[in-house]
Each structure stands twice: as C-alpha cells, then as structure tokens.
Amino acid sequence: MGVGIVFIVGAGPGPGDLITVRGLRALEKADVVIADELLPRSFFDDLDLRMTGVLVIRRDDRDPALSQDEVNDLLVQHALAEKTVVRLKGGDPGVFGRGWEEAERLSQQGIPWEIIPGLTAGTALPALAGLSLTHRGEARSVALATGRLREGELNVDLPRADSLVLYMSVSALEALVRRLVADGWPEQTPVAVIERGGLEWERHLRGALSEIAGIAQQARLQSPALIVVGEAARERVQRPTILFTGLDPANFRTLGTLLHWPALEIAEAPDAAEQVQDALDAARSAAALTVIFTSKMSARVFFAAAGGQWADLDLRSDLRIIAAGPGTAELLRRHCVGDVTIPDVPGSEGIIRLLGEAERGHCVLIQGEQASEALEQELTGRFDSITRLSLHRAVTHPQLGEMPLPEHDAIYLTSPSGVRAYHERFGMAAFERGVLCIGEPTRAALRTLGIDAKVVHPGVSDESSETQPTE
Ligand code: SAH
C-alpha cells in the first residue's frame, strides 16, 4: 500500500494573501486540509482557491475542539489513506505553533512530510501596524516570548531585548506588566497592543507600560492579540490610521494604516444557482457571446453558484469576456477562464467604452442586486439579447456595532449603503474624524447627513460599479 504526504504549512497571521507561494502551491494540491482556529473563515475565499472536493476540517468546528493528539491522529489517518494532507497553521509552524510535534509523530509513522514556513504574527503584525521592531542605532535586538506557559501559568522568565514581543498574553497582561517592571523596564516604556491583527475588526491600543493593563481592560481586549514592548511600539513614520469600511482593503493600504471594519457583507441570492444555469442555457445557443463580470465579488459568487471550472460550463470558445478590473481578471484566471479583457477606465464607463455601438449576439451581464440599471440599459441597445444576473446583495454586516468604534484618524467609505449602515449603528459619532470616500455617489450619501467628505481614490479598483449602488 502507498502512503500520502503531509505539508505542515504556515499560513501567516490571518488574511489569506499573506501565505507564501510555496504554501499556496501545497494547498492547491491538497485532498484534505486541517486548519487552525486562528485562521479566519474567509481564508480560502480570500485566496479564491477552489476547494470543491477537498475535505476541510477546522479544529474549532468540533465540539469540544480537536486536541493536539486528535489532530496528529487525523494527519496520520489521512496520510495512510494515501491523501495529500495540508496542516494549515496560523503564522509560522515553528513559532509557538507545535508544528514540529506533528512532524515528529509523522516521522514515527514513516509518513513523508514537509514544513513550509509562514510569516509569524510577531514580526508581520507590527509591520502591518506601522511598527518597526529594529531600528539602526536604537533597537538592536528583538525577543519573541509567550506570556503564558503550557498549563496557563505566567512566564516569569521574560527575556531582555530592545523590543519585546509577547504572544498569548492577553489574560495575563496585568501580571506580565508587574513582572516587566520588576525586571527593570521603566514604567514609561511604550507598549502597543495589536488585537486581531490583519483581520476584520482589528484594533490597536497604545500606552505606557504602567497604563496598558488598564487600557486593555477598559477596551475589553480579547485574544488573539500581540503585545509589543519598547521603543518599537512607537510609529516610525507618522501616517493616518484609517477605518476602512469597504469589502476588500487590498487596493487601499497605501492610504495609511488600515483597520478593516466592514460596513457590509455579501449575501448570495437564494436562487443564484438557478439563475446561473438558466443564463448558461441561453448563452450556449447564442450566435455570438459576450460575458461581463462587473466585480470580483460577482465573479466569485458566479463560480460558487456554477459549481465548476470554466471548461465544464461548455460555452463556445470564441466568446468575449470582460472583467471590471485586474482583481476580477485574476480570479477568472484562477478558474481557468481564457482571454479576459480589462477596460482602461474603472467602472461601467470603461466597460461601455470597450464595446462598439452595435454588437452582435447575446450578452450575459453579471452584477450584484443593488447595482444600478444604467449599465444594463446601455447594453440593451447594443446587443441582440441580454441576460442580467443578480447573484448577490450587500447587507449590513451583522457584527457592525457590536464593539465601539476603534481609535482612528479618518473613516473611508465605499458605498451609500455603507454610509447608512455606519450611521444606523453608530450615529454621527462615526463621522467625527476625517471622512474620505471612493466616489461621487458615496459623497452624495454623506452630504445628506450634512457631512463634507473628500473623494480619495488610491488606484485601480474592482468594486467601483457595485460597491456604490445607487438604490
Ligand atoms: N504560530 C503562530 C502563533 C500561535 S500562538 C505564529 O507564528 O504567529 C497564538 C498567539 O499568536 C496569539 O495568542 C497571539 O498572541 C498571536 N497571534 C496570532 N495571530 C494573531 C493575530 N491575527 N492578531 C494578533 N495576535 C495574533
């Protein structure tokens, strides 16, 4: 009998796109994935990985959560069934990650394995938060330590370094601070706390060593959080902290240090699969065919609803495919869609400019329910026939308003519905700092609340037509 193989992969500190290329390649080969509870549930969506046919087991989906021994058993069991198994761990498998305990067990069983490193929270999250752990002439050493030991007791043996990074310390923060002061750290030493770094609902807390436990308690700090002690806790280069309220922060990180607090979440239309099947039937019999994906989100939902690769959809090979932007095109490539055209100008305008006055054949337009009808109207005059798919809608994020607003210098809004969601949950307090927005419809929505917002657009976007629904 043969035997499978196990990749122990560091996924990075949370958001899918911080995994390494090597880790991603392992995931693409996986039959079985056993994932850590540290990883967000959106992890595979963030990567637009097709997980159909892959058995995904999340440690915390079991009740009680799988123990380390049970995880080890599962790895062995699936490898012995000749599967390619990925053990996907938050951060780096070798930094407080127990990855080597798993490797040891696999070795004992004669199962081949490979460890693929990942970005560890302790260095990646400070970088995302604008903190530099070393600095020439000032901070010459870094120590990574856990605040708690195996049985939950305090780690009293904390290292002395210019920058000290503490993992697993939330529940013991007060005692750790006392320990550090007793060890000789001045009470004024700056401390930064990064809660849910890189993930939705991220918060940053700051204060002097003597104050930080109180600040954390007041803010109801929760795990996972990382504590940075030392001059490194001060921002090196001043830039604004921006509360980003859109769906996807990927194109906006040049604006400042982002905290992603999404106003909305995407809900798939209940009849999405049916809509797609009907549209495909119509498309197959058309004399000529153009398919337009107006956002990354609509492309993602399309493939989820179609339930297969592009080739399985059995469409004519001479069709034309238009994607709203580069992110949408990349997603289409991941689903093996061939030649994709991207307009030079973002939004509906760019799509229209790509088309001639009189187009032949059938057009499939894939949008969200709240997208304006303007594009459809423009296209109706140009094609012989058109099917518009409304596969998803944006709804107020159910978690919005559960926590008070985090400290920030400016809020960034990407849609009128996002403006309304924030206003409904937080009132005018949401707009007390600087207010930035993506474009005119959003600015108009803010103006109705008496707010004067500035339109700032850092570059290409795949959301332009749909995150600004003009309902
Ligand atoms: N192997 C992981 C660490 C696992 S220990 C790594 O290399 O990053 C778990 C601890 O990591 C948490 O208690 C927290 O201190 C830190 N951590 C991991 N992900 C985090 C995140 N997204 N935000 C804040 N802290 C995080």
- Item | Filter pass, LEU74 being surrounded by 17 or more Cβ atoms within 10 Å (Cβ to Cβ) and outside any helix (DSSP H, G or I) | no
- Item | Given (1) part of a helix (DSSP H, G or I); (2) surrounded by fewer than 22 Cβ atoms within 10 Å (Cβ to Cβ), index of the condition MET297 fails | (2)
- Query: Out of all the residues in segment 13-53, which are farther than 24 Å from HIS260 by Cβ, in a loop (DSSP other than H, G, I, E, B) and at pLDDT 90 or above?
  - Reply: ALA30, ASP31
- Per the list (1) assigned to a helix (DSSP H, G or I); (2) more than 16 Å from the ligand (Cβ to nearest atom); (3) aliphatic (A, V, I, L, M), residue check on LEU125 breaks on (2)
- Scanning segment 300-311 residue by residue, those under 18 Å from ASP339 (Cβ atoms) and either modelled with pLDDT under 85 or part of a strand (DSSP E or B) (or both) turn out to be GLN309, TRP310, ALA311
- Select from segment 241-265 the residues that are surrounded by fewer than 17 Cβ atoms within 10 Å (Cβ to Cβ) and under 22 Å from VAL193 (Cβ atoms) and list them in ascending order. ARG253
- Message: Going residue by residue through segment 251-266, is there one that turns out to be in contact with a helix residue (DSSP H, G or I) (Cβ under 8 Å, 6 or more places away or on another chain), part of a strand (DSSP E or B) and away from the ligand (no atom under 16 Å from the Cβ)?
- Response: yes
- Item | Positions within segment 179-211 being part of a loop (DSSP other than H, G, I, E, B) and either under 17 Å from PRO406 (Cα atoms) or within 16 Å of the ligand (Cβ to nearest atom) (or both), in sequence order | ARG196, GLY197, GLY198, LEU199, GLU200, TRP201, GLU202
- Message: Quick check on segment 97-105. Is at least one of its residues in contact with a helix residue (DSSP H, G or I) (Cβ under 9 Å, 6 or more places away or on another chain) and among the hydrophobic types (A, V, I, L, M, F, W, C)?
- Response: no
- Message: Within segment 128-170, take every residue that is of a type outside the set (A, V, I, L, M), surrounded by 14 or more Cβ atoms within 10 Å (Cβ to Cβ) and without any contact (Cβ under 8 Å) to a residue 40 or more places away in the chain and give me the one that is farthest from the ligand (Cβ to nearest atom).
- Response: ASN155
- Message: Pairs needed: first member in segment 324-348, over 27 Å from PRO441 (Cα atoms); second member anywhere, of a type in the set (Ser, Thr, Tyr); C-beta distance under 8 Å; at least 6 residues apart or different chains.
- Response: GLY338/SER317
- Residue check: is VAL85 farther than 30 Å from ALA299 by Cα and surrounded by 13 or more Cβ atoms within 10 Å (Cβ to Cβ)? no
- Identify the residue in segment 79-104 that is within 19 Å of PRO13 (Cβ to Cβ) and part of a strand (DSSP E or B) and, among all such residues, is farthest from the ligand (Cβ to nearest atom). VAL86
- Task: Working only within segment 416-458, note down all residues that are modelled with pLDDT under 90 and in contact with a helix residue (DSSP H, G or I) (Cβ under 6 Å, 6 or more places away or on another chain).
- Result: PRO441, PRO458
- Confirm whether PRO117 is within 16 Å of the ligand (Cβ to nearest atom), at pLDDT 95 or above and either at positive phi or not aliphatic (A, V, I, L, M) (or both). yes
- Message: I want to confirm something. Restricting to segment 212-245 and keeping residues that are in contact with a Phe, Trp or Tyr (Cβ under 9 Å, 6 or more places away or on another chain) and in a loop (DSSP other than H, G, I, E, B), which single residue is nearest to the ligand (Cβ to nearest atom)?
- Response: PRO224
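Does TRP113 count as surrounded by fewer than 23 Cβ atoms within 10 Å (Cβ to Cβ) and in contact with a Leu (Cβ under 6 Å, 6 or more places away or on another chain)? Give the steps one after another, and end with the answer.
Details: surrounded by fewer than 23 Cβ atoms within 10 Å (Cβ to Cβ): yes; in contact with a Leu (Cβ under 6 Å, 6 or more places away or on another chain): yes.
Yes, satisfied.
The values are calculated or read from the model by the stated rules, or taken from the named source; none is laboratory data. None of the values given here were measured: they were computed from a predicted structure. Note that we place each Cβ from the backbone using ideal geometry, even for glycine, and neighbour counts take in every protein chain shown.
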